[in-house]
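So the structure is just underneath, and the comments pick up after that.
The values are calculated or read from the model by the stated rules, or taken from the named source; none is laboratory data. Keep in mind the model is a prediction, meaning the values are calculated, not measured. With ideal geometry, Cβ positions are generated from the backbone for all residues, glycine too; neighbour counts draw on all protein chains shown. The accessibility values were calculated without ligands, DNA or RNA, using every heavy atom of the protein model including side chains. Shrake-Rupley method; radii C 1.70, N 1.55, O 1.52, S 1.80 Å.
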Amino acid sequence: MAYLTLKNVNKIYPNGFHAVHDFNFEAEKGEFIVFVGPSGCGKSTTLRMIAGLEDISKGEFLINGQLANQWGPREREIAMVFQSYALYPNMTVYDNLAFGLSLQGIDEDVIDERVQKTAKILGLTDYLDRMPRALSGGQRQRVAVGRSIIRKVGIFLMDEPLSNLDAKQRVTMRSEITQIHRETGATTIYVTHDQTEAMTMADRIVVMKDGYVQQVGTPREVYFNPSNVFVAGFIGEPPMNFVRRTVSNGCIELGGHMLDLKKRLPKKIADYEGKEIIFGFRPEAGQLGENENAYPVTATVELTEMLGDNANVYVDIAGEKVIIKVSPHEIPQMDSEITFSIPVENVYLFDAQTENVI
Ligand code: ATP
């Protein structure tokens, strides 16, 4: 049985705004789940319904198979870390960590043991006597995480916990949170708008847009088998390239070449004869030169970005802009005409009307 189940969960706010539509999802015990999507897509609303901070307008929320819609946040055995980590400013790190446990009337010795263990996991042992104002942003965020994990809950919810940190601290905390998850084994739901966080941290990702779940899958699944144009464009950096074309004799024209889509979709492409499709490929799929079993495209180089381990090449195909990723040793000249090729199996074709993968 799944540990957490959401069945057709909806949120309609009192002003009538329908923020979450028929959210269906199951999490197994111990999974690290990431809800990802652009601002306003309903991630926090869903998380808050799971936390019991927001009513579920319609649908069912189950913990261990038991209907939990009406349970209070405490009964749900949930701890939550928010974006603003609001530590108690007049308490030391030790007391910030211990406070929640003291309120529960837990024995001092037990509290001390748990504080020391939590501090060790989070690398805060040397800072236990400090006040929050004497800590860096990353250290403060660690204390906030510590305050949650010290409570030994079954479900750990995090809403954009790293958004106040700088880029470097975010990378460090990302791996620390993953490590903490491994050590505590708590079922975790983590909300972010950052696809890199989703890809690097999640066991499974829930991609959302406009209050609807777009796809649920492992990082590999959403990256390699995106269900629609939105997921394909949202996951991956730089994003997937898309061009719209009308199919004629099973082919489309792109960058001076006729690309035979029968090679990619031998049967299904016939259904799209005379219709528009969206042709997608990831920047890293582009290879300079022509290759066997790959679609050639000729284009003009507009801009190159040397990134160290690779380079982004921005090219123009008769007015359409795409990006390909190349090795730093083969960066083409600006304004030059190049031919690159896209292996047939690395091409994604989407229905232009539904935007779903064909
Ligand atoms: P962000 O990353 O910006 O926090 P989000 O995906 O977490 O975005 P939510 O905060 O869940 O999005 O909001 C989803 C939608 O519901 C938004 O359009 C928001 O304006 C709306 N919304 C949130 N709270 C309320 C409310 N109390 N009343 C009415 N609408 C609300």
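Points worth noting:
- Counted residues, the range 1-37 - those being within 8 Å of the ligand (Cβ to nearest atom) and surrounded by fewer than 14 Cβ atoms within 10 Å (Cβ to Cβ): 4
- Scoring residue 226 on the criteria (1) modelled with pLDDT of 90 or more; (2) within 16 Å of the ligand (Cβ to nearest atom) leaves a single failure, condition (2).
- Pairs are defined by a Cβ separation below 6 Å, a sequence spacing of at least 6 or placement on different chains, a first member in the range 23-51 that is closer than 16 Å to residue 218 by Cα and touching a residue at least 60 places away in the same chain (Cβ under 8 Å), and a second member that is more than 10 Å from the ligand (Cβ to nearest atom) and among the acidic types (Asp, Glu); the pairs so defined are 31/203; 32/203.
- The lone exception for residue 150 - which of (1) within 16 Å of the ligand (Cβ to nearest atom); (2) more than 17 Å from the chain's Cα centre (by Cα); (3) open to solvent by less than 50 Å² (accessible area, probe 1.4 Å) it fails: (1)
- Which numbered condition residue 75 fails, given (1) away from the ligand (no atom under 16 Å from the Cβ); (2) touching a residue at least 24 places away in the same chain (Cβ under 8 Å): (2)
- Residues of the range 49-64 that are crowded, with 20+ Cβ neighbours inside 10 Å and within 15 Å of the ligand (Cβ to nearest atom): 49, 50, 56.
- Contact annotation: residue pairs with Cβ atoms under 7 Å, 6 or more positions apart or on different chains, pairing a residue in the range 269-288 that is on the phi > 0 side of the Ramachandran plot with a partner that is part of a strand (DSSP E or B) and open to solvent by less than 60 Å² (accessible area, probe 1.4 Å), are 274/247.
- Where strands (runs of 3 or more DSSP E) fall wholly inside the range 1-103, the ranges with 1 or more residues that are at negative phi and modelled with pLDDT of 95 or more are 4-12, 18-27, 32-36, 58-63.
- Restricted to the range 161-226, the set of strands (runs of 3 or more DSSP E) holding at least 2 residues that are more than 18 Å from residue 81 (Cα to Cα) and open to solvent by less than 50 Å² (accessible area, probe 1.4 Å) comprises 204-209, 212-217.
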